[in-house]
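Student: To start, I am sharing the structure in question, which I have written as structure tokens.
Each value in this text was obtained by applying a stated rule to the coordinates, not by laboratory testing. Model, not experiment: these values are computed from the prediction. We place every Cβ from the backbone using ideal geometry, glycine too, and count neighbours over all the protein chains shown.
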Amino acid sequence: MQNPVQHVSALKDKNWWRQAAVYQIYPRSFADSNADGIGDLKGITSRIDYLKSLNIDAVWLSPFYPSPLVDGGYDVSDYRNVDPKLGTLEDFDEMLAALHNVGIRIFVDIVPNHCSHLHQWFQDALATPPNSPERNRFIFRDGRGEDGNQPPTDWVSHFAPSAWTHESAFGGVHNQWFLHYFAPEQPDWNWDNPEVADDFLKTLKFWADRGVDGFRIDVAHGLKKDLSEPFRMRNTLEHEIDRPADGNGILADRNEVFDVYKQWRKLFNQYDPPKVAVAEANVLPERIPLYASKETLGQCFDFRFIFTPFNARAYKENVTEAIELAKLNGSSCTWCLSNHDQIRHATKFGLDKSVDRRLWMLSDGTSAQLDKEAGTQRALAATLFILALPGSTYLYQGEELGLHEVTDIPESMIQDPQYLKNLKFDKGRDGCRVPLPWNSSADYFGFSSGASHLPQPAWFKNYAVDMQFGKPESSLSTYQVALRIRKNLMCEESMTWHETGNPEVLHFSRPNGWNCVINFEGDDYLIPEGEILLSSTPLVNRRLRAGSTVWIRQ
Ligand code: GLC
Ligand code: CA
């Protein structure tokens, strides 16, 4: 056991992020300490032993700031505080100290593209006339047509048909429209205004000084827009030119955004070790290195595994391409299979290939088309595969339990604007945000002693932490052991592919003799010689079943 002093010195390593295993906590759904059905910071602190047992290097907390929760907290009304529903700044300090004390670092989520309509500065903007300094912190414009009753452009938002909302929707009386890349309750900041840039530096410094180790930057490709007039209309562009490779799109991924991150980097580098950052940038793969450079954020999510079926050829291509990209700017890879915006990967991998996931979810996901066991098994195999790769891995709470998507949340309880505001085009993301099951026999499976904010299905019982803890073949134990081995075997950031003679089987090794073999489909595969460290399903005579991964030491 490491003592706290050793942890503190380990926390000084400036390259800790390069190959970290980072566990994403969605605070409202992790653990509730006061029976109101909403997970909170004290709940996280109460589960430190569990987090420690996972052998992770860091946690990333989705937003816990004051918010009306139109978009699960990604609509922030005060960037330098804790939502009273989730606790206080003292609770935050206590949680941070408890995490650091067991050697776990912490990332917080920064949401710079937009705030909540309830943010004081947006309220001030609504209350003042066009061209006022207050209004100029956001993007207000006159409408088109007689009386200005048409939005200024045909730009679309992610969560609503138009990217413009008339200010009267929130009580403004000056007949202007404001821009929002997401829901109307998430007005976009005007990043051409230095006051906005200064305020974000203040926010970053606030959390950095409190001791957080890193930042996850939400919608990092947003921020800068092409607001030159006459506006470019969307209907004159090809859809894919929304975020073109030349960095001259209308609403996102514009080259000027890197000026912002260069400024942030200067601030981060004033700390020892420097603060780290990972960009959430939904951009063309070739643009990822721009966000992940040493002069900008340092790391950028590469979501390709989230969109890749469980398939040998695709997995090999993914790895090769992502490693090439990471090398371009001295960053490290960011593998991930799940997060709070995606259908849980156990469910994706358990669905028949012919199923249209969007329609399946809208029809409440009947279990007939889902092979839950196969999904959980493949999910574990995929996880062991990515955990052995060079680079960092981002895990999402509940995946260690093998949890599946909850597909049958009653319509009246759905919270996600992706469903509610988007003409119900898809079911949204609540199904991966259902509170964790801790205890199979407790009310609300030990998440809370009051009704949880999203309903937990009865089948969560079988996935509860207490059903798996200490059981060697459980998903949870496999994660715990894998992450422990990974920590001990961490080595230089490189890997070599080995010929397997079977197109369904991939084999690679790390420079220190750590080998990983995955069998996607078909016949059992006789694994190479070496000490078996861990396997996602039991081996029989050194034969690896389909949908399984093994780690070997040679
Ligand atoms: C990011 C978040 C997502 C949120 C959106 C708007 O994509 O991950 O949850 O809805 O930004 O803030
Ligand atoms: Ca609570």
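Student: With charges set only on the Cβ (+1 for Lys and Arg, -1 for Asp and Glu), what does the dipole of the chain come to about its Cα centre, in debye to the nearest 20? Let's see the in-between values first.
Tutor: Details: 56 positive and 74 negative charges, 277 e Å.
Result for the chain is approximately 1340 debye, rounded to the nearest 20.
Student: Residue-wise, which Karplus ³J(HN,Hα) couplings in Hz belong to region 145-158, taking 6.51 cos²θ - 1.76 cosθ + 1.60, θ = phi - 60°, and x for glycine or proline?
Tutor: x, 4, 6, x, 8, 10, x, x, 9, 9, 5, 10, 10, 5
Student: In region 82-227, if the dipole is taken from +1 on Lys/Arg beta carbons and -1 on Asp/Glu beta carbons about the Cα centre, which of Trp177, Ile217, Thr128 is farthest to the positive end?
Tutor: Of the candidates, Ile217 comes out farthest on the positive side.
Student: Which whole-Hz ³J(HN,Hα) couplings does region 405-420 yield from phi under the Karplus relation 6.51 cos²θ - 1.76 cosθ + 1.60, θ = phi - 60°, glycine and proline marked x?
Tutor: 4, 8, 9, 10, 5, x, 3, 5, 9, 5, 10, 6, x, 4, 8, 5
Student: Helix 89-101 sits at what angle to the longest principal axis of the chain, using alpha carbons and giving 0 to 90 degrees rounded to 10?
Tutor: Relative to the chain, helix 89-101 is tipped by roughly 30 degrees.
Student: A follow-up question, please. Below 27 Å, Cα to Cα, which lysines can Lys202 reach? Residues fewer than 8 away in the same chain don't count.
Tutor: Hits, sequence-local ones excluded: Lys12, Lys14, Lys42, Lys85, Lys224, Lys225, Lys262, Lys266, Lys275, Lys294.
Student: To continue, here is another question. Quick check: the distance between the Cα centres of region 435-474 and region 396-416, to the nearest angstrom?
Tutor: So the two Cα centres are separated by 13 Å.
Student: Net charge near Pro538: determine it from the other residues with C-beta under 15 Å of the C-beta of Pro538, scoring Lys and Arg +1 and Asp and Glu -1.
Tutor: Working: positive: Lys471, Arg542, Arg543, Arg545; negative: Glu373, Glu473, Asp524.
So the environment of Pro538 carries a net charge of +1.
Student: Next question. To test your reading of the geometry: what angle, between 0 and 90 degrees and rounded to tens, separates the Cα axis of helix 257-268 from the longest principal axis of the chain?
Tutor: Computed tilt is about 70 degrees.
Student: Under unit Cβ charges (Lys, Arg +1; Asp, Glu -1), what dipole magnitude, rounded to 20 debye, does region 497-537 have relative to its Cα centre?
Tutor: 240
Student: Further question on the same structure: In deg cm²/dmol and to the nearest 500, what is the mean residue ellipticity at 222 nm of the chain if only DSSP H runs of at least 4 residues count, each as -39500 (n - 2.57), divided by the residue total?
Tutor: Roughly -7500 deg cm²/dmol at 222 nm, from the helical runs in the chain.
Student: Another question, then. Compute the signed sum of charges (Lys and Arg +1, Asp and Glu -1) over the other residues within less than 14 Å, Cβ to Cβ, of Ser449. All intermediate terms of the calculation are to be shown ahead of the outcome.
Tutor: Details: positive: Lys42; negative: Asp32, Asp36, Asp40, Asp443.
Residues close to Ser449 contribute a combined charge of -3.
Student: To the nearest 20 debye, what is the magnitude of the charge dipole of region 421-487 about its Cα centre, counting +1 on the Cβ of each Lys and Arg and -1 on the Cβ of each Asp and Glu?
Tutor: Here the size comes out at about 360 debye.
Student: I'd like to compare 277-286, 64-73: which one has the highest average count of other Cβ atoms within 10 Å, and what's the full order after that?
Tutor: Working: 277-286: 19.6, 64-73: 22.1.
Sorting 277-286, 64-73 by mean packing, highest first, produces 64-73, 277-286.
Student: A further question follows. From the residues Gln397, Ser331, Tyr74, which one has its Cα farthest along the dipole of the chain in the positive direction, the dipole being from +1 and -1 charges on Cβ of Lys/Arg and Asp/Glu about the Cα centre?
Tutor: With unit charges placed on the Cβ atoms, the residue in question is Ser331.
Student: Where the Cα atoms of region 494-553 are projected onto their three principal axes, how long is each span, largest first, in whole Å?
Tutor: Dimensions of region 494-553 along the principal axes of its Cα atoms: 29, 22, 16 Å.
Student: Something else about it: Restricting attention to region 425-471, which chymotrypsin sites (Phe, Trp or Tyr not before Pro) occupy a DSSP loop and are surrounded by at most 15 other Cβ atoms within 10 Å? Spell out each step's value before the answer.
Tutor: Numbers: sites: Phe425, Trp438, Tyr444, Phe445, Phe447, Trp459, Phe460, Tyr463, Phe469; in loops: Phe425, Trp438, Phe447, Phe469.
Of the chymotrypsin sites (Phe, Trp or Tyr not before Pro), the ones in loops of region 425-471 whose Cβ has at most 15 other Cβ atoms within 10 Å are Phe425, Phe469.
Student: Further question on the same structure: Cα axis of helix 372-388 to longest principal axis of the chain: angle in degrees, 0 to 90, nearest 10?
Tutor: Relative to the chain, helix 372-388 is tipped by roughly 90 degrees.
Student: For the modelled label position 7 Å from the Cα of Glu94 along Cα-to-Cβ, which residues of region 185-210 have backbone nitrogen atoms closer than 19 Å?
Tutor: 210
Student: Based solely on C-alpha atoms, express the radius of gyration and the Dmax of region 193-345 in angstrom.
Tutor: 16.8, 50
Student: Here's another thing I want to ask about it. With unit charges on the beta carbon (Lys/Arg positive, Asp/Glu negative), name the residue among Gly501, Gln554, Asn488 whose Cα is farthest towards the positive pole of the charge dipole of region 483-554.
Tutor: Asn488
Student: Would you please put 75-81, 25-31, 521-527 in order of how densely packed they are, using the mean number of other Cβ atoms within 10 angstrom per residue and starting with the highest? Please report the intermediate quantities before stating the final value.
Tutor: Numbers: 75-81: 19.9, 25-31: 25.3, 521-527: 16.1.
Ranked from most to least packed, the peptides come out as 25-31, 75-81, 521-527.
Student: Calculate one ³J(HN,Hα) per residue across region 127-134 by plugging θ = phi - 60° into the Karplus curve 6.51 cos²θ - 1.76 cosθ + 1.60, and present them in order as whole Hz with x for glycine and proline.
Tutor: After applying 6.51 cos²θ - 1.76 cosθ + 1.60, I find 7, 10, x, x, 6, 6, x, 5 Hz.
Student: Next up: First select every other residue whose beta carbon is under 10 angstrom from the beta carbon of Asp124; then total the charges, Lys and Arg +1, Asp and Glu -1. Each step should come with its number before you reach the end.
Tutor: Details: positive: Arg135, Arg137; negative: Glu134.
Overall, the nearby charge balance is +1.
Student: Scale the Cα Rg of region 120-179 by the rule-of-thumb value 2.2 N^0.38 Å and send over the ratio, two decimals.
Tutor: On the way: Rg = 11.0 Å, N = 60, 2.2 N^0.38 = 10.4 Å.
Expressed relative to 2.2 N^0.38 Å, the Cα Rg reads 1.06.
Student: Given contacts defined as C-alpha pairs under 8 Å and at least six residues apart, what's the relative contact order of the chain, whole-number percent? Walk me through the numbers on the way to the answer.
Tutor: Numbers: 1149 pairs, mean separation 73.6, N = 554.
13 percent.
Student: Under 5 Å between amide hydrogens, which residues at least 5 positions from Gln299 or on another chain qualify, with H placed 1.01 Å from N in the peptide plane?
Tutor: When sequence neighbours closer than 5 places are left aside, the close amide H contacts are Ala277, Ala279.
Student: Quick query: amide H of Ile343 versus all other amide H atoms, modeled in the peptide plane; which residues come in under 5 Å with a sequence gap of 5 or more or a different chain?
Tutor: For Ile343, no residues qualify.
Student: Moving on to the next point. Using the scaling law 2.2 N^0.38 Å as the reference, what is the normalised Cα Rg of the chain?
Tutor: With N residues counted in the chain, Rg over 2.2 N^0.38 Å equals 0.97.
Student: Could you please state, rounded to a whole Å, how far the C-alpha centre of region 491-518 is from the C-alpha centre of region 169-188?
Tutor: Answer, in whole Å: 52.
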